[in-house]
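J.: Would you mind keeping the following structure in view while I ask a few things?
The values are calculated or read from the model by the stated rules, or taken from the named source; none is laboratory data. All values derive from a computational prediction rather than experimental measurement. Every residue, glycine among them, receives a Cβ derived from its backbone with ideal geometry; neighbour counts consider all protein chains shown. Side chains are part of the model used for accessible areas, which takes the heavy atoms of the whole protein and leaves out ligands, DNA and RNA. Shrake-Rupley method; radii C 1.70, N 1.55, O 1.52, S 1.80 Å.
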Amino acid sequence: MAYVMIMVICIANDYMPHDQLCRIVTYDKPYLEIQECLAEGRIVVDDLAERGYYPSVYCGRTSIEMFNKKGA
C-alpha cells in the first residue's frame with residue numbers, strides 16, 4: 001500500500017468561469033506513510049498560499065504497482 005498526493009490549486013477571479021478557477025494536480029511520487037505525504041504536501045500548500053493561490057492537499061491510498069506502470 002502506498003499514498004499519492006493530490007493537490008487542488010485554485011485562484012480567486014471574478015471574470016473566469018468557475019470550472020476554470022481550479023486545477024487538480026497528482027504527484028508521481030509514492031509515499032509509504034500518510035504522514036510523510038501530508039507533511040510534504042503542507043510545505044507545498046504553504047508556499048502556494050504565500051503566492052496568492054488557494055491550495056488544498058489530499059493523500060489517497062493506491063497500490064505501489066501503479067507507480068511502475070507507464071501511461072496508466
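J.: Considering only region 1-33, state which residues are among the charged types (D, E, K, R) and either free of Cβ contacts under 8 Å to residues at least 24 places away in the same chain or open to solvent by less than 80 Å² (accessible area, probe 1.4 Å) (or both). Spell out the reasoning first.
T.: Taking region 1-33 and keeping what is among the charged types (D, E, K, R), we get 14, 19, 23, 28-29, 33.
Selection gives ASP14, ASP19, ARG23.
J.: Could you count how many residues in region 34-60 are open to solvent by less than 40 Å² (accessible area, probe 1.4 Å) and over 14 Å from the mean Cα position of the chain (by Cα)?
T.: 0
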